[in-house]
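Trainee: Would you mind keeping the following structure in view while I ask a few things?
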Protein chains: 2
Amino acid sequence: MPAHVVVVGGGFAGLYAARGLARAPVRITLVDRRNHHLFQPLLYQVATAALNPGDIAEPIRHVLSRQRNARVLLAEGAAVEPDARRLRLADGLALDYDYLVLAAGATHSYFGHDEWSRFAPGLKTLEDAEEIRRRVLTAFERAEADPDRQRREALLTFVVIGGGPTGVELAGALAEIARYTIPRDFRTVATERARVILVEGNDRVLPALPPSLSAAAQRDLERLGVHVWTGKRVTGVDPRGVQIGEERVAARTVLWAAGVAGAPLARTLGVPLDAAGRVLVNPDLTVPGHEEIYVVGDLAAARKRSGEPIPGVAPAAIQQGKHAARNLVATLRGRPRTPFVYFDKGVMATVGRGRAVAGFWRIRMTGILAWFAWLFIHIWFLVDFRNRAAVMFQWLWHYLTFKRGTRLILETPEEERFRAVVGVAPPDLDGWPPNESDTERIVA
Amino acid sequence: MPAHVVVVGGGFAGLYAARGLARAPVRITLVDRRNHHLFQPLLYQVATAALNPGDIAEPIRHVLSRQRNARVLLAEGAAVEPDARRLRLADGLALDYDYLVLAAGATHSYFGHDEWSRFAPGLKTLEDAEEIRRRVLTAFERAEADPDRQRREALLTFVVIGGGPTGVELAGALAEIARYTIPRDFRTVATERARVILVEGNDRVLPALPPSLSAAAQRDLERLGVHVWTGKRVTGVDPRGVQIGEERVAARTVLWAAGVAGAPLARTLGVPLDAAGRVLVNPDLTVPGHEEIYVVGDLAAARKRSGEPIPGVAPAAIQQGKHAARNLVATLRGRPRTPFVYFDKGVMATVGRGRAVAGFWRIRMTGILAWFAWLFIHIWFLVDFRNRAAVMFQWLWHYLTFKRGTRLILETPEEERFRAVVGVAPPDLDGWPPNESDTERIVA
């Protein structure tokens, strides 16, 4: 009976671990609480209505459909029982494993203020992206219909909390659609006057990148009209805006891009975690005391040889997934495991549609060149799973023509049900106060 | 000051009414509670994971962005006050009009059993389509992970209630993905063994079409493996299945395609409605007693010259919208209005990916030929708003390659929130009973 390898998570780390075992004498069960693999680097484009969810995700079981020693289960890991070598699932089932690869990723961290999550969604899943898209587009729609100038200004104010790559990309994309994509569609509201504010606690955006790239990104953001507030921390978030120390900003749309935390499943391992809840793995990616358990991807607190932490980026997850598979095969063959060495292929972040910052070793690229590099590298990663020509055409077409089918507002089921039961439109369930006066005329 | 025309509804009828007034000396405000125009004939393809929502919808304000005398508001009509010539909106605002075009469409009717709506979703909106897609894909996923044979069979049983075009198309598409699209992605479950049952109260499916076409459709459905139950009425719907008289069918997924009702807004007009809640309009599409109010599309109970009711299909809505605009312009010029004459361009329904039934005048087409006719006519209608070459390529590509990005399961916000608060997967909120035993092993 071949060894049973259970992989938790169908993101980059988990998928590449599973694929790396395609020829090994094992049976693989890959478990994910969602049915699709998500290309997270492009998630902000779904959030800002430049791409559809279907453009950046693919059913996991389709990715692995040809790998005969692998099967996929839609299920959620609830707890690991390392001594029993069992993974308990949320619905009561359990999986016995010989080897376990934990690639469950990271989730949002609100620094102890979980109540902010209702007012300031983060961007980790497709559902997040659709929620953000819904809020952003609805803000413009409400501004178009609202006769009150003060409320309109709050509706046209967008605050992005967190100046890492996600926050920078979100803020740039928001400013861009307000300025270039949608103004012609509106009559009353001048969407170009939308205010996008990016708030970062450190003294520069992209604090994990070289300072020259931070400066270039800030310049590009400001050229797009984004207000970049560095050295400021958000102290409160509510339905009407944010509190930044003494200062208050009235904003209908607040987005969270500031903190991540390891998936809760890691706590059940019974091994030390770092401050963000990530597993302090051995250099060979196994868990201290359990050679048969690997942790890879965003859930692992792995380090470069220099001692610096490895960033939570797609290439790192891919490399770790592959390396875990290699080490597992080595163990099956009675050979020793090897430590993981991160090959830093560089970092990139886009700023709007035609600018980016990128650093590869000593090369620093900015502007249009960096943007093209970013474009092709992302398509390369993405299409490793699909037909390249088809996806490249499709993606470029979508992107360059500001694909209109992406700017859809779909109601949440709560709103649908409210409408069906009560018969009128629901109050703004995000908490935005309803219009107080009755039969106000719209100035024609 | 030009006359103010308010159009309620951005579907085919409302949009074509607004466009028909592009050169008229009027100001137009088009109001819709959603921001997008939806190509409903292809909705069942989003529901069965063949197309993305973005492929069949477009923001209304983009469709009208170049029409300078038209503006779009995201708002919901709550009540018409015909004597005051005012439309009250759900959020408290109001619009004064000189002319009103009501094109608010139809919604689901559960024949007095509104409680069934929670267990048997219908298919009228993109949200409906995504909900159905989610339920269908989740049913297969759960079957893959469930060791209990009886539960698996119920999970693999799909009941479609209503044998009109929507039901026929849904049932055919469901059988097709179970048989041809997804079997290779699954290991434990043989999805080809899924049972799709189409229940119709009349003695034949497609009762509004000629009997020869009904017979052809039934043949094609059965060839796909659909069980067609005519002459049967559903008497109960619950989370575990349906009751059909004495008989009970255990089914996890039940879809409603059986009845429509006019939008509730029509009741506030104070004029006679038919049994389905549609407005009994004058031959010129105005409302009795109010020459300045038009009702068009699915909300209007208009009749052909033969006396037969006009079907709720896209061409009828388009023609009525255009005719209302023509009559409105005539009134502005002091000329008489003309009665609406429906030009019956024929009816079509597809059965799976390569078959259809179609009737134009005396021509009856079935099989592959009809399917191609259906294909091109639908693309023609759809692309009236967009770049034809681009959309035709994109749509054909998606359709012919069973675009995988469409087979995504996205959680509802309720489930997301449950998971975030409680920390485990939510019980199946559709009502499906949770797995009773604890730590059951999955037979590897």
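Trainee: Step by step: first the residues of region B:17-44, then only those that are open to solvent by 20 Å² or more (accessible area, probe 1.4 Å) and within 18 Å of B:VAL313 (Cα to Cα), then the one that is nearest to the other protein chains (Cβ to nearest Cβ). Which residue is that? Reasoning before the result, please.
Mentor: Here is the first cut: in region B:17-44, the ones open to solvent by 20 Å² or more (accessible area, probe 1.4 Å) are B:19-20, B:22-23, B:25, B:27, B:32-34, B:38, B:40-41.
After this cut, where a residue has to be within 18 Å of B:VAL313 (Cα to Cα) as well, the list is B:38, B:40-41.
Values: B:LEU38: 9, B:GLN40: 14, B:PRO41: 16 Å.
Among residues in region B:17-44 that are open to solvent by 20 Å² or more (accessible area, probe 1.4 Å) and within 18 Å of B:VAL313 (Cα to Cα), the one nearest to the other protein chains (Cβ to nearest Cβ) is B:LEU38.
Trainee: Can you pull out the residues in region B:263-283 that are under 28 Å from B:GLY236 (Cβ atoms) and within 14 Å of chain A (Cβ to nearest Cβ)?
Mentor: B:ALA263, B:PRO264, B:GLY277
Trainee: Could you name every one of the helices (runs of 4 or more DSSP H) located completely within region A:146-240 that has at least 2 residues being away from chain B (no Cβ under 14 Å) and more than 28 Å from B:LEU95 (Cα to Cα)? Walk me through how you get there before you give the answer.
Mentor: Details: elements: A:149-155, A:165-176, A:211-223.
Qualifying helices (runs of 4 or more DSSP H): A:165-176, A:211-223.
Trainee: Sort out which residues of region A:266-278 are surrounded by 20 or more Cβ atoms within 10 Å (Cβ to Cβ) and in a helix (DSSP H, G or I), and write them in order of number. Let's see the steps before the verdict.
Mentor: Of the residues in region A:266-278, the ones surrounded by 20 or more Cβ atoms within 10 Å (Cβ to Cβ) are A:266, A:269, A:278.
Those that are surrounded by 20 or more Cβ atoms within 10 Å (Cβ to Cβ) and in a helix (DSSP H, G or I): A:ALA266, A:LEU269.
Trainee: Give the residues of region B:118-132 that are open to solvent by 10 Å² or more (accessible area, probe 1.4 Å) and part of a helix (DSSP H, G or I), sorted by residue number.
Mentor: Listed by number, the residues that qualify are B:ARG118, B:GLU127, B:ASP128, B:GLU130, B:GLU131.
Trainee: Related question: Determine, yes or no, whether B:ASP98 is under 30 Å from B:VAL329 (Cα atoms) and surrounded by fewer than 19 Cβ atoms within 10 Å (Cβ to Cβ). Please lay out each step first, then the result.
Mentor: Numbers: under 30 Å from B:VAL329 (Cα atoms): yes; surrounded by fewer than 19 Cβ atoms within 10 Å (Cβ to Cβ): yes.
The answer is yes for B:ASP98.
Residue-wise test of (1) closer than 22 Å to A:PRO264 by Cα; (2) under 23 Å from the mean Cα position of the chain (by Cα).
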residue: A:GLU308; (1), (2): no, yes
residue: A:VAL313; (1), (2): yes, yes
residue: A:GLY321; (1), (2): yes, yes
residue: A:LEU332; (1), (2): no, no
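Trainee: If you don't mind, there's one more thing I want to ask. Name, by its number, the condition in (1) touching a residue at least 40 places away in the same chain (Cβ under 8 Å); (2) under 22 Å from B:ASP32 (Cα atoms) that does not hold for B:ALA301.
Mentor: Exception for B:ALA301: condition (1).
Trainee: Residue check: is A:THR107 within 25 Å of B:ARG134 (Cα to Cα), within 12 Å of another protein chain (Cβ to nearest Cβ) and modelled with pLDDT of 95 or more?
Mentor: Values: within 25 Å of B:ARG134 (Cα to Cα): yes; within 12 Å of another protein chain (Cβ to nearest Cβ): yes; modelled with pLDDT of 95 or more: no.
Considered against the rule, which asks whether it is within 25 Å of B:ARG134 (Cα to Cα), within 12 Å of another protein chain (Cβ to nearest Cβ) and modelled with pLDDT of 95 or more, A:THR107 comes out as no.
Trainee: For B:LEU74, indicate whether it is touching a residue at least 12 places away in the same chain (Cβ under 8 Å), open to solvent by less than 10 Å² (accessible area, probe 1.4 Å) and not charged (D, E, K, R). Walk me through it before giving the result.
Mentor: Details: touching a residue at least 12 places away in the same chain (Cβ under 8 Å): yes; open to solvent by less than 10 Å² (accessible area, probe 1.4 Å): no; not charged (D, E, K, R): yes.
So B:LEU74 does not fit the description; no.
Trainee: Which of the residues that make up region B:146-165 are modelled with pLDDT under 90 and buried (at least 23 other Cβ atoms within 10 Å of the Cβ)?
Mentor: Passing the criteria: only B:PRO165.
The values are calculated or read from the model by the stated rules, or taken from the named source; none is laboratory data. All figures in this text were calculated on a predicted structure; none of them were measured in a lab. Note that each Cβ is placed from the backbone with ideal geometry, even for glycine, and that neighbours are counted across all protein chains shown. Remember, those area values only see protein heavy atoms, side chains included, never the ligands or the DNA or RNA. Shrake-Rupley method; radii C 1.70, N 1.55, O 1.52, S 1.80 Å.
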